[in-house]
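> Pasting in a structure now, in structure tokens, and then I'll have a few things to ask.
What follows is calculated from the coordinates using simple rules that are stated; it is not laboratory data. What you are looking at is a predicted structure, and each value in this text was computed from that prediction instead of being measured. FYI the Cβ positions are ideal-geometry reconstructions off the backbone, even for glycines, and counts take in every protein chain you see.
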Amino acid sequence: MLSDEVIREVYEILESRRDSPIDSYTSNIMKDSDKKAEDKILEKIAEECGETLIASKNDENLVYESVDLIFHTLLLLVYKGISYDEILEEFQRRRK
Ligand SMILES: N=c1c2ncn([C@@H]3O[C@H](COP(=O)(O)OP(=O)(O)OP(=O)(O)O)[C@@H](O)[C@H]3O)c2ncn1[C@@H]1O[C@H](COP(=O)(O)O)[C@@H](O)[C@H]1O
């Protein structure tokens with residue numbers, strides 16, 4: 001069975017792209033340029049929301065587009081300094 005540990009691994013890579021930037025997609029989007037980093041990330045999330053909605057309605061590429069959306073949401077949380085454990089704690093808190 002696949003492990004969800006990959007999500008934590010990706011999260012840790014994003015934290016390192018934030019703290020020790022290199023020339024890469026995620027480091028560059030988390031850097032202010034002509035546009036503020038936060039605005040760039042929020043625009044991506046809005047775009048990926050739209051693509052997920054279309055994928056669902058068309059029954060096409062839903063997993064691919066949903067992962068793009070989840071990925072950019074995680075990127076926002078990394079950018080805002082939220083730890084991965086805070087996300088897990090919130091899921092745990094809601095668990096009935
Ligand atoms: N999981 C991802 C990931 N998912 C999506 N993306 C990027 O997010 C962007 C999505 O934008 P678009 O949807 O516009 O791009 P697209 O898929 O070409 O376009 P569409 O066909 O969807 O319209 C693309 O550039 C993707 O490459 C990702 N970029 C990086 N990661 C992970 O983040 C880590 C760090 O990435 P780097 O900063 O590139 O090293 C990597 O090791 C990966 O594990």
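> Pick out which of Ser83, Ser20, Ser66 has the largest mean-square fluctuation in a Gaussian network model of the chain, springs linking Cα atoms closer than 10 Å.
Result: Ser20 has the largest fluctuation of those listed.
> Normalising by the residue count of the chain, find the relative contact order in percent from Cα pairs under 8 Å and 6+ residues apart. Don't jump to the answer; show the numbers that get you there.
Numbers: 55 pairs, mean separation 27.1, N = 96.
Rounded, it is 28 percent for the chain.
> Moving on. Once phi is turned into ³J(HN,Hα) by the Karplus curve 6.51 cos²θ - 1.76 cosθ + 1.60 with θ = phi - 60°, what whole-Hz value does each residue of segment 50-61 show in order, with x for glycine and proline?
In residue order, the calculated couplings are x, 5, 5, 4, 5, 4, 5, 5, 8, 6, 8, 6 Hz.
> Next question. What 222 nm value per residue comes from the helices of the chain, counting each DSSP H run with n ≥ 4 as -39,500 (n - 2.57) and dividing by all residues, nearest 500 deg cm²/dmol?
Details: 5 runs with 71 residues, N = 96.
Value at 222 nm, helices only: -24000 deg cm²/dmol.
> Which shape class, rounded, prolate or oblate, goes with segment 55-96 when its Cα gyration tensor gives a ≥ b ≥ c as root eigenvalues, a/c under 1.5 marks rounded, and past that a/b bigger than b/c marks prolate?
oblate
> Given axes a ≥ b ≥ c from the Cα gyration tensor, I'd like to know whether the chain is rounded (a/c under 1.5), prolate (a/b larger than b/c) or oblate.
Here the chain falls in the oblate category.
> Oh, and also: For the chain, what is the charge dipole size about the Cα centre, in debye to the nearest 20, if Lys and Arg each add +1 at the Cβ and Asp and Glu each add -1 at the Cβ?
In debye, rounded to 20, the chain gives about 340.
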